[in-house]
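These notes are about the structure you will find just below.
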Amino acid sequence: MGRPDCRNRAASPTRFFRDVAQRAQVPPAPWTWTGFYIGGNGGYSWGNWDSTSLAAIFPGPGGTLVNTASPNVQGAIAGGQIGYNWQFSPQWLAGVEADGQWSGERASDNASSSISVAGPFTGACDIVGGCTTTATVNDANSWKLPWFATLRGRVGLIEESTWLFYATGGLAVGGAQFAQSSTGTVTVTKTLSGTVVSTNTVPISALSGTTTLVGFAVGAGIEKMLTQNWSIKVEYLFMDFGSYTFLAGTGFDTNVKVIDNVIRGGVNYKF
């Protein structure tokens, strides 16, 4: 009898190691948005702050002074956020987020109004032609939003496990400032030559007001999960802080409607 063939009874070394590797493979963890996160952001914000004053302090047509203005308050922003997401189904998420922002938003304008009369006719002006006296009022106004913060809920739609499209809304708090200063200048010039005889400037007002306003924020955004821990996002917010009267009781009382548009990008780390 011949010797039995044992070649099929012993596995080859290549097959042995392949089987071990396959058994050792661990399936990747499913993507999840659930958890606490912290991050940073930066962007730009702007808004037309409609303003109405008791005094005519804003530049108007033809070099006149008027009582209303609509400055475009704008500037860069930077800050951070912290929040929690709860993914309650493969496609839906709910969460809450708080953020605080430094803001370089500001606007300013300068206005002046003048009136001229003939005279005087004495002293250096006691010559042919005399002098002309011009009285000028100069106004400088500024608006600022140096900081703001929000506390918002958000609801999102998850696509392909790593994309999030969300809507958000909640509370907004911000610091707003308005400042106004006025000076009066009286200039005497020789009527024929235009030579300045004298100039005298006196302050009329130097006022500023600061307040903390409470309003609401609504918006939407897109977030992309890069790994189980890191994500990036872009977001738009509209904030409305209502109206506030600055410099009340000064005669320069100015009511300002404070609204803001925010566009920003950010990065989050999920624990």
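Taken over the Cα atoms of region 124-195, the convex hull encloses 174 Å³ per residue. Here the relative contact order of region 22-151, from alpha carbon pairs under 8 Å that lie six or more residues apart, stands at 24 percent.
Shown here: the chain, whose C-alpha atoms stretch 149, 37, 24 Å along the first, second and third principal axes, sorted largest to smallest. Axis of helix 13-24 versus longest Cα principal axis of the chain: the two differ by about 50°, to the nearest ten degrees. Please build a GNM for the chain, connecting alpha carbons under 10 Å apart, and tell me which residue among ALA56, ALA176, ALA217 fluctuates the most. Looking only at ALA56, ALA176, ALA217, the biggest GNM fluctuation is shown by ALA56.
Neighbour counting of Cβ atoms within 10 Å sorts the residues ASP139, ASP50, fewest neighbours leading, into ASP50, ASP139.
Post the alpha-carbon centroid distance, region 56-108 to region 196-271, in whole angstrom. Distance between centres, Cα-based: 4 Å. Neighbour counting of Cβ atoms within 10 Å sorts the residues CYS131, CYS125, fewest neighbours leading, into CYS125, CYS131.
Listed by Cβ neighbour count within 10 Å, with the fewest neighbours leading, GLU160, GLU223 appear as GLU160, GLU223. Classify region 210-267 as rounded, prolate or oblate, taking a ≥ b ≥ c as the square roots of the eigenvalues of its Cα gyration tensor: rounded when a/c is under 1.5, otherwise prolate if a/b is larger than b/c and oblate if not. Because a/c hits 1.5 or more and a/b exceeds b/c, region 210-267 counts as prolate.
Helical runs assigned H by DSSP (4 residues or longer) give the chain a calculated mean residue ellipticity at 222 nm of -1500 deg cm²/dmol, each run adding -39500 (n - 2.57) before division by the residue total.
Using the Karplus relation 6.51 cos²θ - 1.76 cosθ + 1.60 with θ = phi - 60°, the per-residue 3J(HN,Hα) values for region 45-57 come to 9, 7, x, 8, 8, 4, 10, 9, 10, 5, 9, 7, 10 Hz, with x marking Gly and Pro.
Where a number appears in this text, it was derived from the coordinates with a stated rule and is not lab data. The structure presented is a predicted model; accordingly, all values stated were derived computationally and were not measured. All Cβ positions, even for glycine, are placed from backbone atoms using ideal geometry, and neighbour counts span all protein chains on display.
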